[in-house]
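Heads up, the thing below is written out as structure tokens.
The values are calculated or read from the model by the stated rules, or taken from the named source; none is laboratory data. The structure displayed is predicted, hence computed values, not measured ones. Cβ coordinates were reconstructed from backbone atoms using ideal geometry, including for glycine residues, and neighbour counts include every protein chain displayed. Keep in mind that these areas ignore ligands, DNA and RNA; they rest on the heavy atoms of the full protein, side chains included. Shrake-Rupley method; radii C 1.70, N 1.55, O 1.52, S 1.80 Å.
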Amino acid sequence: MIKLSKKWDYWLKAIVYLANRHWSLVKISDISKELSISETFLRRIIADFEKNWILETIKGRNGWVVLKKGLQNISLYDIFFSLWEDL
């Protein structure tokens, strides 16, 4: 059995949440509240994936995020590369 870190678990929850929003801009604070994830921790995770072209963020008071790629275009390699320190 594979045990995933909190970072992986939260990332998977967030990506599914965003995918269900069909390319809509979503406030990071809304994701945090909906998924019961620390907003500070979620922002760090999102920053990792923004660097690797999976998500796009709009900076501001609330912060917005949207998937930059469709789920069918996000490979496991993209995810592993973004979260490499957890491997």
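What helices (runs of 4 or more DSSP H) completely inside region 11-87 contain at least 2 residues that are modelled with pLDDT under 85?
Numbers: elements: 28-35, 39-51, 76-82.
So the answer is 39-51, 76-82.
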(request) Look through region 52-62, keep the residues that are within 17 Å of Val16 (Cα to Cα) and of a type outside the set (A, V, I, L, M), and return whichever of them is least open to solvent (accessible area, probe 1.4 Å). (result) Thr57
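Out of all the residues in region 40-51, which are exposed (fewer than 15 other Cβ atoms within 10 Å of the Cβ) and of a type outside the set (Lys, Arg)? Let's see the steps before the verdict.
Step one: list which residues in region 40-51 are exposed (fewer than 15 other Cβ atoms within 10 Å of the Cβ), which gives 40-41, 44, 47, 51.
If the condition is that a residue be exposed (fewer than 15 other Cβ atoms within 10 Å of the Cβ) and of a type outside the set (Lys, Arg), then Thr40, Phe41, Ala47 are the ones that fit.
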